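Here the structure is laid out as structure tokens; the discussion comes afterwards.
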Amino acid sequence: MSKKNVRNLALDVLVDIEKKRAYSHLSLHHTIETNKLSPQDVALLTELVYGTIQRRDTLDYYLQPFMKGKIEHWVRMLLRMSLYQMIYLDRIPDRAVLFEAVEIAKRRGHRGIASLVNGVLRSIQRQGVRSFDEVKDDLERLAIATSHPLWLVRRWVEQFGWDETKRMCETNNLPPEQTARVNTMRATVEEVIARLKQEDIDAVPSSVVPAGIKMTNGNAAKTSVFHEGLITIQDESSMLVAYALSPNETDVVLDCCAAPGGKTTHIAERMNGRGRVVALDIHDHKVKLIEQQAKRLHLSNIEAKQLDSRQAYTQFHAETFDRILVDAPCSGLGVIRRKPEIKYAKNETDVAQLANIQLDILRAVAPLLKRGGTLVYSTCTVDREENEQVIAKFLHEHPQYERDEKLASRLPSSVAPYVHDGMLQLLPHYVCSDGFFIATLKRKVK
């Protein structure tokens, strides 16, 4: 397949994401599978889609002086994608970008649109793009330069300060890396790396998690190593949850919001396939995903159920579980690197509504934990309203619970320094992972 056709596909995906609110990773996966692309074409398609979304607001800032009047949505997207290549992809000559952009415009529109696209891109080629120095407000300048919504930049600066926010925004625009968790019940890290090498996938041990590996090329999800259940694709920050929970082989564990099963299966592996892990999800089709993962990994100690965790008390007696995980639904503001469209889709109202749901789940499952048991609350966001503030409200309402001050001792040394008051907040630039939050609470014996 020619690169010209790959750009056509990339434009389709970009339009699908912005107009239909499709998820970038799902739309990309569908396009790749449907068109049976070569590895080289997959790489280009992925770069164009993620890069254009990540830099959307920056690209619009550059384009604005050269645009007059209203243009069709797909034309704007074509201009963004083309300008992204001209500015950020040095290996692609401008002449190739311009030629193919004009050809796409001709096929999708008419000569007038092709002329407009050609004129805008050639003007930028001649004159260059404007400086961010034209933006006088510091927050607005950072928002445009890193392509993050102004409300989000302002909120992060209030919560974390200027320097941390700047580094977080910059890290969010880096390409995501694929990491995986080794099923240590069935193989060692060294054995898995060697097996992947036989399938032309280069991997190295994780510097964050002992059971983790990081791919330096290729897609490990397409290998026999994955299909045989020796690995699970998972971010390193997400792997930390099972370490925080630290289940014993005889425990009965509740995973409240479990799909698609990454943390569930890690917990089950840490229990050496023994004990019992009850995994809940509100959607039946997602329960099936958990069951599929358990089967692939040869884990028989997982029991998946369709149930809203806020109704768990209707199915289980009080003090049933030794350990409970609430990996709560959240804004996902820690995974912007993997799902860049999130930063444009969310707003402050969403954050507040999610915080209420998170607290409701904690309230509902709190009576189900045995005295002396451990409750872990985790999210893949970096917002304090969904993290520290939820925990503070829960503890205020539930004096029978307290912070677990021993969390750092159970986590890998790579992240232990970021633990404070029984809580871990990883920002994306700390260990180059997803942004992630973990709090551990203990139910008092008396």
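The values are calculated or read from the model by the stated rules, or taken from the named source; none is laboratory data. Owing to the predicted nature of the structure, the values given are computational and were not obtained by experimental measurement. Neighbour counts are summed over all protein chains in view; Cβ atoms, including those assigned to glycine, are modelled from backbone coordinates with ideal geometry. Just the protein is used for accessible areas: all its heavy atoms, side chains included, with ligands, DNA and RNA removed. Shrake-Rupley method; radii C 1.70, N 1.55, O 1.52, S 1.80 Å.
The numbered conditions (1) open to solvent by 10 Å² or more (accessible area, probe 1.4 Å); (2) under 12 Å from Leu441 (Cβ atoms) are all true for Arg410 except (2). Would you call Pro417 modelled with pLDDT of 95 or more, open to solvent by 30 Å² or more (accessible area, probe 1.4 Å) and in a helix (DSSP H, G or I)? Considered against the rule, which asks whether it is modelled with pLDDT of 95 or more, open to solvent by 30 Å² or more (accessible area, probe 1.4 Å) and in a helix (DSSP H, G or I), Pro417 comes out as yes. Do the conditions hold for Asp41, that is, is it without any contact (Cβ under 8 Å) to a residue 40 or more places away in the chain, closer than 24 Å to Phe99 by Cα, acidic (Asp, Glu) and surrounded by fewer than 20 Cβ atoms within 10 Å (Cβ to Cβ)? Taking the combined requirement at face value, the residue does not satisfy it. Within the stretch 200-216, being part of a loop (DSSP other than H, G, I, E, B) and open to solvent by less than 60 Å² (accessible area, probe 1.4 Å) holds for Ile201, Asp202, Ser206, Val208, Val209, Ala211. No other residue among Ser237, Ser246 is among the polar types (S, T, N, Q), open to solvent by less than 20 Å² (accessible area, probe 1.4 Å) and under 30 Å from Leu368 (Cα atoms) apart from Ser237. Would you confirm whether or not the stretch 256-273 contains a residue that is in a strand (DSSP E or B), open to solvent by less than 10 Å² (accessible area, probe 1.4 Å) and under 23 Å from Ile357 (Cβ atoms)? No - not one qualifying residue is present in the stretch 256-273.
Please return the ranges of helices (runs of 4 or more DSSP H) entirely within the stretch 111-191 where 2 or more residues are over 28 Å from the mean Cα position of the chain (by Cα) and among the charged types (D, E, K, R).
111-127
For the stretch 30-48, which positions are of a type in the set (Ser, Thr, Tyr) and assigned to a loop (DSSP other than H, G, I, E, B)? Hit for the stretch 30-48 is Ser38, nothing else. Annotation note: of Arg337, Arg363, Arg403, the sole residue that is open to solvent by less than 30 Å² (accessible area, probe 1.4 Å) and among the basic types (Lys, Arg) is Arg337.
Of all the residues in the stretch 340-354, those that are open to solvent by 40 Å² or more (accessible area, probe 1.4 Å) and either within 16 Å of the chain's Cα centre (by Cα) or aromatic (Phe, Trp, Tyr) (or both) number 3. Ser131 meets all of the listed conditions (1) loosely packed, with under 15 Cβ neighbours inside 10 Å; (2) closer than 21 Å to Ile336 by Cα but one, namely (2).
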